[in-house]
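First up is the structure itself, then whatever we jot down about it.
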Amino acid sequence: MQLNSILRVMKTILSKKVLIKLNSALVIPITGKPLEARIGTCKAERQTWKSPITKGMIIIELDKITKDQALYILNIIKKRIPFLTKIVKKVF
């Protein structure tokens, strides 16, 4: 859910010239059975997907954008993610 909302925010604010790279993918399926189902029946359908994110992992990379625009967008995204984040600047 959060990754989709992040992409929507970035696409609305940024133009098509900016390179956006997400370093995580929705890999783990989450299934769920209704409460009325009996024990021992077959496996339920997928309800949502989950992404394994570990400490120290870089989730979003931006390229071809000014520092002011990047900080503005990343601060908006920071509010939508349900865990602590840190903005890292790479200097060449």
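Which residue pairs have Cβ atoms closer than 6 Å, lie 6 or more positions apart in sequence or on different chains, and pair a first residue in region 1-30 that is of a type in the set (A, V, I, L, M) with a second residue that is in a loop (DSSP other than H, G, I, E, B)?
VAL18/LYS64; VAL18/ILE65; LEU19/LYS64; LEU26/SER51
Residues in region 67-92 that are of a type in the set (A, V, I, L, M, F, W, C) and either in contact (Cβ under 8 Å) with a residue 40 or more places away in the chain or more than 23 Å from THR54 (Cβ to Cβ) (or both): how many?
8
Which of the residues spanning region 24-62 are surrounded by 10 or more Cβ atoms within 10 Å (Cβ to Cβ), among the polar types (S, T, N, Q) and farther than 27 Å from LEU84 by Cβ?
Within region 24-62, THR31 is the sole residue that qualifies.
Here's the yes/no breakdown for (1) among the polar types (S, T, N, Q); (2) assigned to a loop (DSSP other than H, G, I, E, B); (3) modelled with pLDDT of 75 or more:
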residue: ILE30; (1), (2), (3): no, no, yes
residue: PRO34; (1), (2), (3): no, yes, no
residue: LYS55; (1), (2), (3): no, yes, yes
residue: TYR72; (1), (2), (3): no, no, yes
residue: ILE77; (1), (2), (3): no, no, yes
residue: PRO82; (1), (2), (3): no, yes, yes
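Can we say LYS67 is basic (Lys, Arg) and in contact with a helix residue (DSSP H, G or I) (Cβ under 9 Å, 6 or more places away or on another chain)?
Answer is no for this residue.
For the structure I just gave you, tell me whether LYS43 is modelled with pLDDT of 75 or more and charged (D, E, K, R).
The answer is no for LYS43.
In region 13-23, is there at least one residue being loosely packed, with under 12 Cβ neighbours inside 10 Å, among the charged types (D, E, K, R), out of contact with any strand residue (DSSP E or B) (no Cβ under 7 Å at 6 or more places or on another chain) and modelled with pLDDT under 75?
yes
Restricting to region 6-34, name every residue that is over 16 Å from GLU45 (Cα atoms) and of a type in the set (Val, Ile, Thr).
ILE6, VAL9, THR12, ILE13, VAL18, ILE20
Counting just the residues of region 31-52 that are among the hydrophobic types (A, V, I, L, M, F, W, C) and in contact (Cβ under 8 Å) with a residue 12 or more places away in the chain, which one comes out farthest from LEU71 (Cα to Cα)?
Ranking the candidates gives ALA44 first.
The values are calculated or read from the model by the stated rules, or taken from the named source; none is laboratory data. Computed from a prediction, not measured in an experiment: that's the story for all the values here. All Cβ positions, even for glycine, are placed from backbone atoms using ideal geometry, and neighbour counts span all protein chains on display.
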